[in-house]
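Comments concern the structure below.
The values are calculated or read from the model by the stated rules, or taken from the named source; none is laboratory data. Note that the coordinates shown come from a computational prediction; the quantities given were computed from them, not determined experimentally. Glycine also receives a Cβ, built like all others from the backbone with ideal geometry; neighbour counts cover every protein chain displayed. Surface areas here come from the heavy atoms of the whole protein model, side chains and all, with no ligands, DNA or RNA. Shrake-Rupley method; radii C 1.70, N 1.55, O 1.52, S 1.80 Å.
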Amino acid sequence: MTAFNYDSIDLAALPPETEPARQRYFIARLRHWTKKRREALGRPLTCFVTTFGCQMNAHESEKLLGILRDAGFEEGRDETADLVLYNTCTVRENADLRVYGRLGRVSTIKKKNPDMMIAICGCMMQEEHVIEKIRKSYPFVDVVLGHINNYRLAELLAERIDCGHQVIDIENGRRRIVEDLPAERKYSFKSGVNIMFGCNNFCSYCIVPYVTGRETSREMKDILNECRLLVKNGVKEIMLLGQNVNSYGKTLANPITFAELLKEVEKIDGLERIRFMTSHPKDLSDELIEVMKNSGKICRHLHLPLQSGSSRILKIMNRHYDKEQYLELARKIRQEIPDMAITTDIIVGFPGETEEDFLETMDVVEKVQYDSAFTFIYSKRSGTPAAKMEDQIPADVIKDRFDRLLALVQANAAKRCELLQGTDQKVLVEEEDDHMYGYVTGRLSNNSVVHFEGSKDLIGSIVPVHLDEARGFYYMGTMIR
Ligand code: 5AD
Ligand code: SF4
């Protein structure tokens, strides 16, 4: 995080054994190497990082980019860069297929430019069959790095430069948390902050616990220090990240709850908005609802994955709640915090899902009236219990259910969106509008997007906006001056 003086490191000495000193040593070595290359080529070296998958992965990429920046790379625009890094996801099969597609295409670029380096990391690399395939079919990949040990990027690149052949380094088990490594931020005014890594839930369809390892929480003091430093550097909105934030702190030597952590983050002067992702319904406590209700900073948005509305399927999914418990939780939240937007994840076509099960899902969607929902077609992940289940659902049945679900989700979202039409809301301005010149785009506390006329100097500030028109899942507005 802090600007570090790499020139103070003695490169003639052996690499230190402890972290983060060891990684700093390798970053310093790479700096030396990129400097020499820059002088020889007469131009800076560039890197290009592509992220697949979730917000946690996007944040991992910011950290990887921070390492590369400190190592002397400038950010390039595309895969013609000197170093291309793919940060992969493996939650559904099509994520894997996209990565293989990209590797195929980048190989033709490398044929023309053999000096370029290709590195690949992320969740997909935690699977043995993937490593085998890369070893056999993609020998041009220079560095293969696991998700759990991705903080060692500089060390592995240095090794690749020294040895001249493919370097593979994958660790398994619990993630080791290394503090005080660099990070690059995509936005100057908002940032993710990891509060925990891994997942212990083993939902029967999900590969995540196998690839990210056991749940490990960061110490509260380290989280608060990172948040304070971010705010000092201009950050107004922080997103606390974890696979299951509601179980934060259980594995610490002095256990604390997620609600207690939130209360401490709330105290940081200058921080304006707090978000978090993802909540598991089984662990969402009354204490947390109370803290959210009384907070002036926690955003009015709760992502509460349902997965299925059928109690029978939820049991087989190993979710530890049933339809009634979920509905009761949603009711309680709506009652205590009426302006809270609720969003969700739903899987269609889990093995054995009958039409009746699916109608239970539709019933929950209708009752909860989600502000938006990510809908996924079930994807078989080898190694998970669900992959071995009989009665996988035919593609045409899934497609039909998926379309019906999506139509209902969109209709409900449009109704929810209309509720705020005509009101004034505070908006954090995020970027210039892609499509309309002279317009900017921002987000309300409830995470809805609004477009309004304004110039780019508004980016990063929180301004009042009148919501003129609800357009299904976003608004057109006018800034109040
Ligand atoms: N198939 C489809 N969707 C899945 N998810 C996790 N595993 C699978 C799978 N095998 C979805 C869940 C989770 C989201 C991040 O991805 O809905 O909440
Ligand atoms: Fe996967 Fe379930 Fe863990 Fe979420 S809670 S990451 S769905 S195992």
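Details
- The lone exception for ILE289 - which of (1) farther than 30 Å from GLU355 by Cα; (2) within 23 Å of the chain's Cα centre (by Cα) it fails: (2)
- Taking the numbered list (1) among the hydroxyl-bearing types (Ser, Thr, Tyr); (2) in contact with a His (Cβ under 8 Å, 6 or more places away or on another chain); (3) modelled with pLDDT of 95 or more in turn, THR212 passes all entries but (3).
- Any chance LYS232 is closer than 21 Å to LEU302 by Cα, open to solvent by 10 Å² or more (accessible area, probe 1.4 Å) and touching a residue at least 24 places away in the same chain (Cβ under 8 Å): no
- All positions within region 449-464 that are closer than 24 Å to LEU230 by Cβ and either open to solvent by 20 Å² or more (accessible area, probe 1.4 Å) or in a loop (DSSP other than H, G, I, E, B) (or both): VAL449, LYS456, ASP457, LEU458, ILE459, GLY460, SER461, ILE462
- Checked against (1) in a strand (DSSP E or B); (2) over 26 Å from THR212 (Cα atoms), ARG37 passes all but condition (1).
- Condition check for THR354: surrounded by 16 or more Cβ atoms within 10 Å (Cβ to Cβ), under 21 Å from ILE398 (Cβ atoms), β-branched (Val, Ile, Thr) and assigned by the TED database to the domain that holds VAL397: no
- The set of residues in region 9-50 being surrounded by fewer than 21 Cβ atoms within 10 Å (Cβ to Cβ), within 23 Å of ILE177 (Cβ to Cβ) and among the β-branched types (Val, Ile, Thr) consists of ILE9, THR18.
- Candidates SER295, SER308: the one that is within 16 Å of ligand 2 (Cβ to nearest atom), among the polar types (S, T, N, Q) and open to solvent by less than 20 Å² (accessible area, probe 1.4 Å) is SER308.
- Residue check, PHE402 at pLDDT 95 or above, open to solvent by 80 Å² or more (accessible area, probe 1.4 Å), touching a strand residue (DSSP E or B) at 6+ places or on another chain (Cβ under 6 Å) and within 13 Å of ligand 1 (Cβ to nearest atom): no
- Here GLU272 qualifies as open to solvent by 30 Å² or more (accessible area, probe 1.4 Å), more than 21 Å from ARG404 (Cα to Cα), touching a residue at least 40 places away in the same chain (Cβ under 8 Å) and assigned by the TED database to the domain that holds CYS199.
- Verdict on ALA407 being touching a helix residue (DSSP H, G or I) at 6+ places or on another chain (Cβ under 7 Å), assigned to a helix (DSSP H, G or I), modelled with pLDDT of 95 or more and among the small types (Gly, Ala, Ser): no
- Failed condition for ILE377, given (1) within 16 Å of ligand 2 (Cβ to nearest atom); (2) open to solvent by less than 50 Å² (accessible area, probe 1.4 Å); (3) among the β-branched types (Val, Ile, Thr): (2)
- Residue ID - farthest from ligand 2 (Cβ to nearest atom), chosen from residues in region 196-211 that are in contact (Cβ under 8 Å) with a residue 60 or more places away in the chain and surrounded by 21 or more Cβ atoms within 10 Å (Cβ to Cβ): VAL211
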